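Below: the structure, in structure tokens.
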Amino acid sequence: MSNVKIFISMQWFILALILGFNGGCTKDVNFPIISQTDLVNRLDSDNTPVIIDVRSSKEFASGHVPGAVNIPYTELKGRLETLNIGQNEEIVLYCERGGRASIAGSILSGEGFSAVQYLEGHMNAWRSNKLPCKDC
């Protein structure tokens, strides 16, 4: 089996563990969605939410929403304290297409965060719509 296939198989195994084959430790959480337009309008305002890009550091380095902090979803639980944010503070999560952001949302919900939103269309749509992009 090639290294790529092994790597992909390992990712799916880890995802399965996180999503529910782990004794029910995660929740299926449907947070609201913030539109791309709304987030763009708020990027330079006094009302900018905490924006967390849960993709890998390599993906983040290839382009991200301005002002976003990169915490890969696999590291999120262990790095929550470094964010220094309250459980009621507004958070926007995104990844490339939505899967990892959903896992991250479940983690945040399990830790008591209640004002979480997902970015509409995630980074894939953000890039397609040619919206402001840092390091793109």
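The values are calculated or read from the model by the stated rules, or taken from the named source; none is laboratory data. Owing to the predicted nature of the structure, the values given are computational and were not obtained by experimental measurement. All Cβ positions, glycine included, derive from the backbone under ideal geometry; neighbour counts span all protein chains shown. SASA here: full protein model, heavy atoms, side chains in, ligands and nucleic acids out. Shrake-Rupley method; radii C 1.70, N 1.55, O 1.52, S 1.80 Å.
At-a-glance table
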| item | result |
| --- | --- |
| Residue among N30, N124, N88 that is of a type outside the set (D, E, K, R), part of a helix (DSSP H, G or I) and open to solvent by 30 Å² or more (accessible area, probe 1.4 Å) | N124 |
| So S2, is it among the polar types (S, T, N, Q), on the phi < 0 side of the Ramachandran plot and at pLDDT 55 or above | no |
| Residues within segment 64-85 that are β-branched (V, I, T), more than 12 Å from the chain's Cα centre (by Cα) and open to solvent by less than 40 Å² (accessible area, probe 1.4 Å), tallied | 1 |
| Selection within segment 38-62 - among the β-branched types (V, I, T) and touching a helix residue (DSSP H, G or I) at 6+ places or on another chain (Cβ under 8 Å) | T48, V50, I51, I52, V54 |
